[in-house]
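What follows draws every value from the coordinates through simple rules; no lab data is involved. This is a predicted model, so every value here is computed, not measured. Note that we place each Cβ from the backbone using ideal geometry, even for glycine, and neighbour counts take in every protein chain shown.
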Amino acid sequence: MTTTIEAPPRAPAIAPMLRMERLPHVWCPMCGIGTIVKAYATALQRTGVDLDKVSVVSGIGCSGRAAGYLKLDGFHTTHGRAIPFATGLKLARPELLVTVISGDGDLVGIGGNHFIHAARRNLDLLVILINNFTYGMTGGQNAPTTPLDAKSSTMPFGNFERPFNLPQLAASCGAAYVARWTALQIRQLTWTIEEALARKGFRFIEVIAPCPTLYARLNKLGTGLDQMRFYHDNVEIRHGANLADVDIEFQKTIICGKFVDLDKPTYTELMERHYQKVLGERFVPMPKQGGWLRE
């Protein structure tokens with residue numbers, strides 16, 4: 001009798017970027033979050049950045065688990081507070097590349113006020129918002145991104161509250177870089193993250209992802225694979241689109257692409273310019289590891 005010895009499964013190319021001991025992950029089958037984490041890790045590999053200078057901050061929710069699977073310095077923060085944590089980290093350690101990865105409920109629901117002011121200040125943060133149109137971890141409640149007429153556990157007869165147009169919101173508040181893709185456009189998403197990593201200021205990437213367990217089930221949309229097929233058939237790539245036209249309607253065309261790419265001074269740069277003007281020689285530029293005034 002011939003004995004067949006199966007080769008051990010090959011580790012993914014991004015394995016050095018992941019905490020492999022924590023796998024398999026907790027995300028539902030056919031959820032797009034793992035794909036997005038892979039895109040982020042791949043983008044970091046391509047840029048060749050010093051990983052000791054990279055930190056990932058996340059909040060509460062399905063997407064908020066991303067920081068725990070990446071073998072990088074990171075913070076898993078309280079609900080809605082990922083951006084304030086990231087702000088403090090960036091201001092204290094300006095040499096770090098700080099990324100926020102979290103969900104729509106966490107970043108623009110519970111944490112909406114932090115989101116708009118971080119964009120207004122043009123803080124030097126990369127924010128990747130994973131939008132599955134629902135509060136996926138806590139029961140499928142209505143979110144600030146749930147499309148009109150879509151059903152949720154708290155609106156079983158359909159949503160009547162107008163959702164955010166997130167690219168327009170980010171751009172109108174002052175974001176320097178704004179883009180949107182779905183979890184299906186993995187190559188475009190990876191390229192976009194790679195490009196955004198090289199930019200400065202408040203960089204916002206919205207990623208539309210399936211939630212097969214709650215959003216799809218409540219709206220009878222089939223599986224996560226069915227949602228991916230929907231993205232394949234109903235995504236229109238329109239770089240530089242008028243942001244008033246990129247609203248997401250229930251089961252209709254999703255406009256994707258890079259919408260904003262501006263070179264503008266960050267919060268720290270504006271702060272240093274201001275105090276250099278006001279204080280003159282008494283001003284010490286914000287840390288390297290220092291204070292504000294000479295003794």
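Points to keep in mind about this one:
- Cβ-derived FRET efficiency at R0 45 Å, Phe160 paired with Arg93, nearest 0.05: 0.50
- Per-residue Cβ neighbour counts within 10 Å put Thr253, Thr77 in the sequence Thr253, Thr77, beginning with the fewest.
- 5 angstrom amide H check on Phe75, placed H, neighbours 5+ away: Val56, Val57, Ser58
- Exposure proxy ranking, count of Cβ atoms within 10 Å, fewest first, for Val260, Val246: Val260, Val246
- In percent, rounded to a whole number, the relative contact order of the chain is 17, using alpha-carbon pairs under 8 Å and six or more apart.
- With neighbours defined as other Cβ atoms within 10 Å of a residue's Cβ, the residues Asp73, Asp50 order from fewest to most as Asp50, Asp73.
- Listed pairs Lys151/Lys252; Lys38/Lys90; Lys71/Lys151; Lys38/Lys220; Lys220/Lys258; Lys71/Lys200 exceeding 26 Å between Cα atoms: Lys71/Lys151; Lys38/Lys220; Lys220/Lys258
- Sum of side-chain charges, Leu96 neighbourhood, beta-carbon under 9 Å (Lys, Arg +1; Asp, Glu -1): +1
- Point-charge dipole on Cβ atoms (K/R +1, D/E -1) for the chain, about Cα centre, debye to 20: 320
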